[in-house]
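Undergrad: Following this message is one structure expressed as structure tokens.
All of the numbers you see were taken from the coordinates with simple rules; none came from a lab. No experiment lies behind these values; they were computed from the predicted model shown. Because the Cβ atoms are built from the backbone with ideal geometry, glycine has one as well, and the counts that use them run over all protein chains shown.
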Amino acid sequence: MSGGRKPVCCLTILLKYFKKRVRCRPSKRCNMKRRKNFNLTFFLIFALPTLIIFTLVIVVPFIYGLFMSFTNTNGMSGNSWVGFSNYAAVFHDSTFWNSFIVTIEYVVACVVLTNILAFIIAYLVTSGIKGQNFLRAAFFTPNLIGGIVLGLIWNFIFRQVLVNVGTAYSIPIFQETWLADPVKALWTLIIVTVWQMSGYMMIIYIAGFTGISQDVLEAAEIDGCTNFQKVTKIEMPLMVPSFIICLFLTLSRCFMVYDTNISLTKGEPFGSTVLISLNIYREAFNNNNYAKGQAEAFLLFIIIAALSVTQVYIGKKMEVEQ
Amino acid sequence: MKKLHSLVSLLTAAAMVTFSAAGCSSSSSSAASGKSESAAASASDEATSITFFNSKPEIATQLEAAVKTFNSTNKDNITVTVTTLNTSSTEDAVLTSKYASGNPYTISMVDTPDIAVYADKSMDLSDQAWVKNINENMVSALKVDGKIKAFPFAVEGDGLIYNKTTIEKATNETFDPSTVKSLADLEALYKKIQAGGVAAVQISHDDWSLANHFLTTAFDTQDDYTSYISGLKSGSNDISGNETYKGLLDVLNLNMKYNVYKSSPMSSDYTTSDPTNIATGKVAFWFNGEWVMSNVKQFLTGSHANDEFGFLPVFADSKTSTCISAGVTKAIIIDDTKTTDAQKKAANEFLSWFVDDEAGQKALVNDMGIIPAFTNVTLQPSDDLSKSIVSYMKDGNTIPFNTISGDFYTKIGAYMQQYLVGKMDASALSKSINDYFKSSN
């Protein structure tokens with residue numbers, strides 16, 4: 001497996017750190033902070049600048065936004081406290097719930113498909129086939145395309161390229177643009193997102209695969225494991241940390257998608273593919289309902305945070321040590 | 001060796017922090033304004049510098065050239081700096097964030113419905129010299145509580161665009177637009193064009209086109225627009241009783257019958273297939289506005305380089321059989337919260353330059369291709385569609401349009417799209433529109 005042993009250093013180290021923390025958690029005496037070489041000055045020099053920027057750019061607007069969601073501001077004027085009426089309005093807003101349901105459908109499909117695809121590709125690409133380094137780069141490249149350009153390219157493909165191919169070769173499913181039908185339009189979003197994100201998740205799974213000790217696998221082979229049993233009974237349980245990370249990343253990214261949404265479908269047809277971030281943007285800026293949009297954004301934050309924390313918690317429970 | 005290590009790691013960390021701060025974050029950065037923030041300059045009379053926010057990206061280059069000319073020719077040492085709207089953001093988003101940060105532009109170009117939104121922050125311009133020259137049909141849109149709060153920058157209009165050359169090729173006879181006086185005449189013409197092998201009309205499925213331009217004609221023709229809308233909101237008015245609305249649905253039905261996109265109405269594309277179709281003779285009619293000319297021009301090459309265009313009214317009712325919708329779409333407001341008096345004077349001088357100065361008029365009409373709202377500007381814009389609007393304006397045959405802000409165009413646009421593809425019938429559409437107004441505040 002020499003060809004496949006090119007670890008992605010940072011991620012492997014990250015995973016090992018993860019495992020270390022898991023091992024230390026039950027014991028109260030193992031306090032990471034009190035290690036012998038801990039130097040406060042160095043810690044601050046490295047962490048403080050980023051911490052300051054993080055506070056100013058993310059924490060402060062977050063708190064201010066939270067405060068705004070309890071007022072009746074429209075972005076520029078109106079600062080009277082209205083309590084929870086914005087949140088009540090959001091709960092009664094059918095467009096919010098419609099976009100929420102569409103987003104859930106989108107997220108479920110994306111998370112499942114991305115992770116399956118990334119896992120399979122990572123497995124193939126670490127199995128020692130020829131040219132696997134090139135393949136890794138090739139599969140990762142879609143991730144480098146930014147959201148808006150990605151949406152525009154695929155909009156062109158779905159609207160013009162596939163329609164032309166479909167009419168020229170009489171393939172009925174492509175003859176009408178997929179973007180004109182609500183169900184198919186959602187699938188275009190899913191396809192584009194899966195295409196983009198599988199490369200990134202593949203990298204994480206590769207790191208996971210290369211972190212599996214060869215001794216375990218060899219021992220299993222000697223004991224007469226088939227390939228399929230090797231994958232399901234040994235590699236998958238050992239890969240749970242990677243699963244946690246990938247699930248967390250895909251879940252949060254898919255929930256927050258905006259730029260691909262607006263450049264690929266613009267929410268059409270008939271507003272059926274308006275995902276939740278687009279809905280928030282429209283509410284805040286198009287409808288001048290800044291406070292209500294802020295309330296929706298905060299609700300989205302709570303939902304994503306709850307889902308992610310739950311997912312990580314359950315995942316940690318399933319971790320297996322080598 | 002250890003010292004070198006720690007030095008290198010320190011430098012790397014510093015570099016990473018700098019790059020992470022300067023690099024882009026993937027979260028949507030909606031405030032797109034960039035560099036030139038020449039904020040409130042010195043209060044001296046020597047040099048005044050004002051900032052101008054342009055929300056019309058299509059004229060960006062020409063506007064910057066005009067501003068350069070003004071900066072070099074004006075006698076009061078005024079310097080104007082233009083910032084243009086980035087297409088991934090919206091005018092509302094940028095202006096909201098500028099006002100929130102306490103750093104607004106001196107003058108900002110806004111969509112007409114937003115004049116009211118920023119009215120309490122804008123200067124009263126009712127006593128300016130150029131007010132008397134505004135075309136009478138265009139004044140009402142600029143007024144908030146009886147005071148003129150904005151400078152009318154661009155007039156735009158929409159109607160049934162026709163390509164005269166395409167029609168004549170398809171029907172083999174010269175086309176005189178004045179012979180089409182009613183919907184029946186239009187249908188007869190469509191049949192002739194269809195028989196000539198050319199699709200008669202194309203419908204853009206975009207929600208803003210169907211809702212904000214096509215449907216709102218039904219409200220604009222009402223005698224008292226404001227009370228009609230409040231009637232809809234209170235439920236005392238029913239849109240299905242609106243004569244213009246019924247006529248508009250007839251026009252839409254006719255267009256749907258002869259739509260080149262009939263098999264898949266949602267596949268029209270405003271930037272590619274629509275302008276190509278009208279420019280290259282695949283379609284003869286298109287309901288849209290004169291702003292499409294800049295897109296269509298790219299495709300007017302070769303044998304189509306000299307195609308003639310014009311506007312026909314939509315024939316929904318008696319008023320709309322002679323008039324087209326035209327009004328001020330972009331207006332310029334002068335900030336009243338953070339500008340100094342010198343800046344206000346400079347801003348007004350800059351704006352009057354477009355009305356009174358020959359170089360300014362030329363920049364506005366010829367270079368930027370904008371239809372002016374002022375009667376004293378005699379220059380004619382160069383493209384056919386703008387010329388057509390100017391002639392309707394001269395005859396007073398325009399219906400001012402009012403835009404309903406908020407989620408009108410996204411929600412009603414979605415309903416109209418469903419009607420377009422046949423998912424909704426006329427009664428369901430009327431009910432949806434009525435319910436929308438009743439539930440909006």
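Undergrad: Mean separation of Cα pairs under 8 Å and 6+ residues apart, divided by the residue count of segment B:46-138: what relative contact order is that in percent?
TA: Once divided by the residue count of segment B:46-138, the mean separation gives 35 percent.
Undergrad: What is the set of long-range amide H partners of B:Gly310 at a cut-off below 5 Å, with H atoms built 1.01 Å from backbone N?
TA: Sorted by chain and number, the residues that satisfy this are B:Tyr162, B:Lys164.
Undergrad: Nearest 10 degrees, 0 to 90: what angle lies between the long axis of helix B:91-100 and the longest principal axis of chain B (Cα atoms)?
TA: Once rounded, one gets 30 degrees.
Undergrad: Right, here's the next one. Using a Cα-Cα cut-off of under 13 Å, which aspartates and glutamates could be cross-linked to B:Lys233, ignoring same-chain neighbours fewer than 8 residues away?
TA: B:Asp435
Undergrad: Related question: What are the equivalent ellipsoid semi-axes of chain B, built from the alpha-carbon gyration tensor (square roots of five times its eigenvalues), in whole angstrom, biggest first?
TA: Equivalent-ellipsoid dimensions as semi-axes: 41, 28, 24 Å.
Undergrad: Can you tell me the orientation of helix B:384-394 relative to chain B, as the angle in degrees between its alpha-carbon axis and the longest Cα principal axis, to the nearest 10?
TA: Taking the Cα atoms of chain B, the angle to B:384-394 is about 80 degrees.
Undergrad: Cut-off 15 Å, label point 7 angstrom out along Cα-to-Cβ of A:Met236: give me the residues of segment A:115-131 whose amide nitrogen falls inside.
TA: A:115-121, A:123
Undergrad: Show me, for segment B:303-313, the HN-Hα J-couplings you get by feeding each phi into the Karplus relation (A = 6.51, B = -1.76, C = 1.60, θ = phi - 60°), rounded to Hz, glycine and proline as x.
TA: 6, 9, 4, 10, 4, 9, 10, x, 10, 10, x
Undergrad: So how much slack lies between B:Glu46 and B:Ser6, counting 0.36 nm per residue of separation and subtracting their Cα-Cα distance, in nm? Let's see the in-between values first.
TA: Working: separation 40, 0.36 × 40 = 14.40 nm, distance 5.41 nm.
In short, 9.0 nm is gained.
Undergrad: Also, I was wondering about something else. Percent relative contact order of chain A, based on C-alpha pairs within less than 8 angstrom and at least six residues apart?
TA: Contact order relative to length: 28 percent.
Undergrad: Less than 19 Å apart at the alpha-carbon level, and either on another chain or at least 8 residues along: which lysines does that give for B:Lys56?
TA: Output for B:Lys56: B:Lys35, B:Lys68, B:Lys98, B:Lys297, B:Lys330, B:Lys362.
Undergrad: Net charge around A:Leu217, counting only other residues with Cβ within less than 10 Å of its Cβ (Lys, Arg = +1; Asp, Glu = -1)?
TA: Summing Lys/Arg as +1 and Asp/Glu as -1 gives -3.
Undergrad: Something else about it: Measuring from centroid to centroid over Cα atoms, what is the spacing of segment B:222-246 and segment A:202-225 in Å?
TA: If we compute the Cα centre of each part, the gap is 72 Å.
Undergrad: Where in chain B is the longest stretch that carries no trypsin sites (Lys or Arg not before Pro) classed as loop by DSSP and with at most 16 other Cβ atoms within 10 Å? It would help to have the intermediate numbers written out before the result.
TA: Details: sites that count: B:Lys35, B:Lys75, B:Lys181, B:Lys262, B:Lys282, B:Lys338, B:Lys423.
With a cap of 16 other Cβ atoms within 10 Å, the longest stretch comes to B:76-180.
Undergrad: Now for a different question. Lys and Arg at +1, Asp and Glu at -1: add these up for the other residues within a Cβ distance under 15 Å of B:Gly327 and post the number.
TA: Net charge in that neighbourhood comes out at -4.
Undergrad: Note down the relative contact order for segment A:153-251 as a percent, whole number, built from C-alpha pairs under 8 angstrom at least six residues apart. Walk me through the intermediate numbers first.
TA: On the way: 48 pairs, mean separation 19.6, N = 99.
Taking the mean separation of contacting Cα pairs over the length of segment A:153-251, I get 20 percent.
Undergrad: Measure out, as a whole number of angstrom, how far apart the alpha-carbon centroids of segment B:341-384 and segment A:96-144 sit.
TA: So the two Cα centres are separated by 55 Å.
Undergrad: Moving on to the next point. Determine the equivalent ellipsoid of the protein assembly as shown by diagonalising the alpha-carbon gyration tensor, then write out the semi-axes as square roots of 5 times the eigenvalues, largest first, rounded to whole Å. Walk me through the numbers before you get to the answer.
TA: Working: eigenvalues 566, 237, 125 Å².
Result for the protein assembly as shown: semi-axes of 53, 34, 25 Å.
Undergrad: Applying the Karplus parametrisation 6.51 cos²θ - 1.76 cosθ + 1.60 with θ = phi - 60° to the phi angles of segment A:168-176, what ³J(HN,Hα) value in whole Hz is obtained for each residue in order, glycine and proline being reported as x?
TA: With coefficients 6.51, -1.76 and 1.60, one gets 6, 9, 6, 9, x, 5, 9, 5, 10 Hz.
Undergrad: Another question, if that's okay. Local charge sum around B:Ser386 (other residues, Cβ-Cβ under 10 Å, Lys/Arg +1, Asp/Glu -1)?
TA: Overall, the nearby charge balance is -3.
Undergrad: Going from the alpha-carbon gyration tensor of segment B:208-260, what semi-axes, largest first and in whole Å, does one get by taking the root of 5 times each eigenvalue?
TA: Details: eigenvalues 111, 25, 16 Å².
Taking √(5λ) for each Cα gyration eigenvalue gives 24, 11, 9 Å.
Undergrad: So who's got an amide H within less than 5 Å of the one on B:Ile371, skipping anything under 5 residues away but keeping other chains? H placed 1.01 Å off N, in plane.
TA: B:Val155
Undergrad: Checking understanding here: applying a Kyte-Doolittle mean of at least 1.6 and a length along the axis of at least 24 Å (C-alpha), which whole DSSP H helices in chain A pass?
TA: Membrane-span-like by this rule: A:94-125.
Undergrad: In deg cm²/dmol, rounded to 500, what helix-only [θ] at 222 nm does chain B give when every DSSP H run of at least 4 residues adds -39500 (n - 2.57) and the total is split over its residues?
TA: After summing the helix terms and dividing by the residues of chain B, the value is -11500 deg cm²/dmol.
Undergrad: Sequence-distant or interchain residues sharing an amide H contact under 5 Å with B:Asp336, placed H: which?
TA: B:Ser122, B:Met123
Undergrad: In nm, what is the difference between 0.36 nm times the number of residues separating B:Leu379 and B:Asn86 and their Cα-Cα distance?
TA: 102.5 nm
Undergrad: Hey, what do the phi angles of segment B:122-133 turn into as Karplus ³J(HN,Hα) couplings, whole Hz, using 6.51/-1.76/1.60 and θ = phi - 60°, x for Gly and Pro?
TA: Calculated HN-Hα couplings, in order: 10, 6, 7, 10, 5, 9, 6, 5, 7, 4, 5, 8 Hz.
Undergrad: Take every DSSP beta bridge whose two residues both sit in the protein assembly as shown, then give the antiparallel share in percent to the nearest 5.
TA: Within the protein assembly as shown, antiparallel bridges account for around 65 percent of the total.
Undergrad: Taking a threshold of 24 Å on the Cα-Cα distance, which of the pairs A:Lys292/B:Lys246; A:Lys292/B:Lys438; B:Lys132/B:Lys338; A:Lys266/B:Lys143 fall above it?
TA: Beyond 24 Å between Cα atoms: A:Lys292/B:Lys246; B:Lys132/B:Lys338; A:Lys266/B:Lys143.
Undergrad: Could you work out the longest stretch of chain A that avoids the trypsin sites (Lys or Arg not before Pro) located in DSSP loops with at most 11 other Cβ atoms within 10 Å?
TA: A:131-322
Undergrad: In whole Å, what are the extents of segment B:312-351 along the principal axes defined by its C-alpha atoms, from largest to smallest?
TA: Computed over the Cα atoms, the extents are 50, 18, 11 Å.
Undergrad: Identify all lysines with a Cα-Cα distance to A:Lys317 below 24 Å; exclude those on the same chain that are fewer than 8 residues away in sequence.
TA: Candidates past the 8-residue exclusion: A:Lys16, A:Lys19, A:Lys20, A:Lys28, A:Lys33, A:Lys230, A:Lys233.
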